[in-house]
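Heads up: the structure comes next, in structure tokens.
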Amino acid sequence: MTAREEGRTPGASSSHISVVKLSHSWFILCTSRELGSKPLARTLQGTPLVLFRGEGGKPGALVDRCPHRNVPLSLGRVQGGLLECGYHGWRFDQGGQCRLIPGLVGESEAKSRCATSYPAREQDGFVWVYSTPGVEPTTEPFRFPLLDAPDYATVRQVLRAPGSLHAVLENTLDVPHTAFLHGGLFRTAEKRNEIDVVVRRGADRVEAEYVGEPAPKGLVGRLLAPGGGVVQHFDRFLMPSIAQVEYRIGEKSHILVNSAMTPVGDFETLVYAVVTVKLPVPRFMLKAAMPFVLPVALHIFGQDARILAKQTDSIRRFGTESYASTEIDVLGPSILRLMRAQERERTAPPPDTVHETRVRMRT
Amino acid sequence: MTAREEGRTPGASSSHISVVKLSHSWFILCTSRELGSKPLARTLQGTPLVLFRGEGGKPGALVDRCPHRNVPLSLGRVQGGLLECGYHGWRFDQGGQCRLIPGLVGESEAKSRCATSYPAREQDGFVWVYSTPGVEPTTEPFRFPLLDAPDYATVRQVLRAPGSLHAVLENTLDVPHTAFLHGGLFRTAEKRNEIDVVVRRGADRVEAEYVGEPAPKGLVGRLLAPGGGVVQHFDRFLMPSIAQVEYRIGEKSHILVNSAMTPVGDFETLVYAVVTVKLPVPRFMLKAAMPFVLPVALHIFGQDARILAKQTDSIRRFGTESYASTEIDVLGPSILRLMRAQERERTAPPPDTVHETRVRMRT
Amino acid sequence: MTAREEGRTPGASSSHISVVKLSHSWFILCTSRELGSKPLARTLQGTPLVLFRGEGGKPGALVDRCPHRNVPLSLGRVQGGLLECGYHGWRFDQGGQCRLIPGLVGESEAKSRCATSYPAREQDGFVWVYSTPGVEPTTEPFRFPLLDAPDYATVRQVLRAPGSLHAVLENTLDVPHTAFLHGGLFRTAEKRNEIDVVVRRGADRVEAEYVGEPAPKGLVGRLLAPGGGVVQHFDRFLMPSIAQVEYRIGEKSHILVNSAMTPVGDFETLVYAVVTVKLPVPRFMLKAAMPFVLPVALHIFGQDARILAKQTDSIRRFGTESYASTEIDVLGPSILRLMRAQERERTAPPPDTVHETRVRMRT
């Protein structure tokens, strides 16, 4: 991608230490259902893109401006598997090749008339785009686990978070703020236990395991773990942008929240959340519980979104960022280190050796 | 003009290859009727100006800030042929000379107290301003042809186009987009004929002649060319900012659309359109037809303005411009070359040698 | 203060010759009454600050972002004399020291976790903040004179002026514009007398004395100076930001208007006006007159605010400033010189030698 193909996001600068641009990475740009017969305007890391269904209904992703006269291609329409610009009617295929120029007597195809094209894939009900144009991807998009596993149910939700990719990832995987910001809903600030956190840092991931977390009490506890049992809790970041929260309670309860984050701009992130659960309750009870669980989840997300917006406002206003981490910020700094490393090297990660450390935290 | 006298237009930068600043050029700043007894704020190429009628009713044009304390002079009033600032009451003549300072015991006139002044002329019902201040103009404003010719009727219209001077000029003189963007109104995309276009490039102009264009059919054809006849169609750009579209149909029909463009800012252009026609129909029929013709013309302009706005948004968003021209973009690249040449050299054009080329186009 | 602690004010640049940043200076940030049990967000010279009442109710002032994750501290709450961040619950004292980190097993206090702290004082019913953080102030806040003097009455008013500190100070102390902008209310433009103005320039102040100003006529004159008498009129600027207008009429009338200006941003100023008067009329008559005097004062301020807003718009639009002063601009240029000198040297002013000049002005 040349510099002139990248859109500019006002506000970010070299002094924004938590803002990264990740190349050679797959991100979700929309759900399969959102991409119909009309072109769809989307933004990835500040670059305006247009998605459309080309030949055979396969998704295509081009930079959203016609190479002829700069008009957004998303204003046009799809004609016979080609994306047509609304100004002079130039038509492009999924590879960006110009295939028709109305009025031109000679040949339409020419390298200088190509639109910049990004690899695109449809998988798990989402349209994924590779963040480096004009290359053959060396990786595959993330596969959401257990989507079709028996005894598991899945719920999807798309959320818009007003923060940088890093800020939203850290917030999603951060335990200390839950007792405080969401106090009362989760852990309470008063009664605190000390527990151990095992942190494992790999070449493309970092994981925190919370050891000795007490099982939920009361009705919820009896529902999730009727025979009692040990709680296993993992928070994981998987490059480039997956936040994974996993709970196992006893043998029969398994909750897996995968959030695939899409950096729209420097300070705007889309969260494609896929919640997959196995619980020792009949499926009809799960369905009956959803009307109660979803509003609580959205309330919590709303509190986080409000703080993220204020954090972003503050970073924009100062023009710089300030970070003073302690040992209980177990994942945030590691996430940033992984992203920065990829931004610098743009090569495959080294063989996976895992470094394990242990932290005590009051929860 | 010193740099500090130029207003800044946010958005444009050196990477905007189609944005030019033309010095030593006449532009229309308002109609004669708009400039009454009150000062009038206008902007030319990003510079805020104030127009007023000074001694003898002659128009004056000053940079729109008082040299004393930066307050816009357009907030003040005209007193005895002098423009008076609304803060401390300093008064200026059309040449920018300070002629009165209330409260001051000594002499009011001083070089340091002058407002920057631009040459101004009233001609053809418009107030024209020369884009270089403090000099004697070496050229005269454009004269609209045939304004007082017998058998000709004239209609004027002022339009605001949300694009750069170059983008609006090219759009006005561009044939290929008409079949597509205005499809149905003009040429149709289906039935296309190949015709020849002769392009003539001179030192201060470029012209495209469409050879062998078919005569209009049906009622319109019979009205415009009752005895049949050849269609002559010219599109011309005249430096610095005139777009001229000329049709002759047979001996008796002559349509001349002159659009004098004023670059308000880098991406905002005012179009002073003067349409002059001779038609083989009685004048009362022309008048009767106007209520039908004007809405169609404004509808077409609306389609163009919408595309220009999107094009401008896109250029601003990317911070750069992309152009891939083909041989049927017969005028746009030449217009830019002429404007850029004047921007660089700021001297008179070389003697007029005309280069002629020939292009085939499907219309 | 490090550069990263300073908020950015869009619009100002090095080409803005009248914009200054004053260090080591006391400014009013709010009234005592405005600072209750909740933290209060304020801005000083572009830097976002949070004010709160810490231990013993004493005011504290910190940079308004948590050193942990950039969230504005003003979103939090005061708990036991400490300011608590709303994201993770970190708590800070007035000195900026971090005193509690929820969840952390080890020690909370650490230099890297400190919030930047500014000296704060409560005096005369206002909360003052020193514009250099982390130092011991070498001066005291300005003391409003005669606040508790017998026979004097005091009125306070807070006003927001859309101009730079310098522009608002000059406007407040400028005589020539009153006859013009406020014409009719003050001096009239028609009948003008020539009077002498004695200007005294010191190391930290500049004063203009108007000699031979005629006493007010009619009812107002008989009220203010029943036995006749000389008018004494002084306009003073006291570093860093006090505008003082003083009238003595005869022996018995004394009017003192102190305006303590706070530079919120480069082009936004808060005016804390304290009007102290002694008049030869009973106190109940003073109170009865207030409903008539206040609207007139606010009307005059409104005229000034409108001009200041236009002046600021113009400066922003041009990106530069233009000043052409004459001898009757007796204070403005001196005020700028004093502020610039402090900005450059940041040391104590030299011993106070006063230079006196004399100007003739028509009023």
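The values are calculated or read from the model by the stated rules, or taken from the named source; none is laboratory data. The structure presented is a predicted model; accordingly, all values stated were derived computationally and were not measured. Reconstructed Cβ throughout: ideal geometry from the backbone, glycine too, with neighbour counts over all protein chains shown. Only protein heavy atoms, including side chains, enter the accessible area calculation; ligands, DNA and RNA are left aside. Shrake-Rupley method; radii C 1.70, N 1.55, O 1.52, S 1.80 Å.
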Calculate, for B:Lys217 and A:Ser37, the FRET efficiency according to 1/(1 + (r/R0)^6) with r their C-beta to C-beta distance and R0 51 Å; round to the nearest 0.05.
0.90
Within a Cβ distance under 13 Å of A:Asp151, other residues only, what is the Lys/Arg minus Asp/Glu net charge?
+1
Inter-copy label distances at C:Asp196, 7 Å along the Cα→beta-carbon direction, one decimal in nm, shortest first?
9.1, 9.2
Taking Cα atoms, the helix A:332-345 axis meets the longest principal axis of chain A at an angle in degrees (rounded to 10) of 30
Ordering A:Lys38, C:Lys252, C:Lys111, A:Lys21 by accessible area with a probe of 1.4 Å, largest first, what comes out?
C:Lys111, A:Lys38, C:Lys252, A:Lys21
Listing of region C:93-114 residues, each with accessible area lower by at least 20 Å² in the full protein assembly than in the chain alone (probe 1.4 Å):
C:Pro102, C:Gly103, C:Leu104, C:Val105, C:Arg113
Which whole-number value in Å² is the accessible area per residue of region B:16-130, probe 1.4 Å?
33
Can you compute the radius of gyration and Dmax for region A:209-258, using only the Cα atoms, both in Å?
12.1, 38
Signed unit charges on C-beta, dipole axis of chain C, positive-most listed residue C:Gly202, C:Ser32, C:Pro216:
C:Ser32
Degrees between helix B:283-318 axis and first principal axis of chain B (Cα, 0 to 90, nearest 10)
70
Can you send over the carbon and sulfur percentage of the accessible area for region B:153-362, probe radius 1.4 Å, protein chains only?
59
Given R₀ = 25 Å, what would the calculated FRET efficiency be for C:Arg358 paired with C:Ile300, taking r from the Cβ atoms and rounding to 0.05?
0.35
For B:Gly36, label point 7 Å along C-beta direction: distances to other copies, nm:
5.2, 5.2
Heavy-atom accessible surface that A and B bury in contact, both chains counted, 1.4 Å, Å² to 100:
2900
Which residues, if any, in region A:50-83 lose at least 50 square angstrom of accessible heavy-atom surface (probe 1.4 Å) when the other protein chains sit next to their chain rather than the chain being alone?
A:Arg65, A:Arg69, A:Asn70, A:Leu75
Which whole-Hz ³J(HN,Hα) couplings does region B:356-363 yield from phi under the Karplus relation 6.51 cos²θ - 1.76 cosθ + 1.60, θ = phi - 60°, glycine and proline marked x?
10, 10, 9, 10, 9, 9, 8, 10
Point-charge dipole on Cβ atoms (K/R +1, D/E -1) for the protein assembly as shown, about Cα centre, debye to 20:
1800
Cβ-vector label at 7 Å, B:Arg344, separations to other copies in nm:
4.3, 4.4
Highest-fluctuation residue, A:Pro39, A:Pro295, A:Pro48 considered, GNM on chain A with Cα pairs under 10 Å
A:Pro295
Measure of exposure for C:Lys58: accessible area at 1.4 Å probe, Å² rounded to 10, is 140
To the nearest 500 deg cm²/dmol, what mean residue ellipticity at 222 nm is calculated for the protein assembly as shown from DSSP H runs of n ≥ 4 alone, each contributing -39,500 (n - 2.57), summed and divided by the residues?
-6500 deg cm²/dmol
With Cα springs under 10 Å, the Gaussian network model of chain C assigns the largest mean-square fluctuation among C:Ala41, C:Ala341, C:Ala120 to C:Ala341
What number, in nm² with one decimal, is the all-direction average of the projected area of the convex hull of the alpha-carbon atoms of the protein assembly as shown?
54.9
Using the Cα centre as the reference, give the magnitude of the dipole from point charges on the C-beta atoms of region B:153-362 (Lys, Arg: +1; Asp, Glu: -1; all else neutral), rounded to the nearest 20 debye.
620
Förster radius 22 Å - calculated FRET efficiency between C:Val230 and C:Glu327, Cβ distance, rounded to 0.05:
0.30
What is the ratio of the Cα radius of gyration of region A:153-362 to 2.2 N^0.38 Å, with N the residue count, to two decimals?
1.05
Share of region B:16-130's accessible area from carbon and sulfur, percent, 1.4 Å?
47
Surface accessible to a 1.4 Å probe, A:Ser112 within the full protein complex, Å²:
90
Calculate, in nm to one decimal, what A:Ala153 and A:Val293 gain on full extension: separation in residues at 0.36 nm each, minus their alpha carbon distance.
49.0 nm
Which of C:Ile307, C:Ala153, B:Ala120 sits closest to the plus end of the dipole of the protein assembly as shown, meaning its Cα is farthest towards the positive end, when Lys and Arg get +1 and Asp and Glu get -1 on the C-beta?
C:Ala153
For region A:18-130, the Cα convex hull volume per residue in Å³ comes to 105
Ranking B:Glu268, A:Glu136, A:Glu109 from most to least accessible area with a 1.4 Å probe gives A:Glu136, A:Glu109, B:Glu268
Any residue on another chain or 5+ positions along whose placed amide H is under 5 Å from the amide H of B:Thr132 is listed here as B:His24, B:Ser25
Residue-level accessible surface for C:Asp196, protein heavy atoms, 1.4 Å, Å²:
40
Obtain the nm distance between the two label points defined at C:Arg143 and A:Glu109 by a simple spin-label model: each point lies 7 Å from its Cα along the Cα-to-C-beta direction.
8.9
Most fluctuating residue of C:Phe301, C:Phe267, C:Phe292 in a GNM of chain C with Cα springs under 10 Å: which is it?
C:Phe292
Can you tally the lysine pairs in chain A where the Cα-Cα distance is under 15 Å and the two residues are eight or more apart, or on different chains?
4
Taking chain A, how much of its Cα-Cα pair set, in percent, is spaced more than 34 angstrom apart?
34
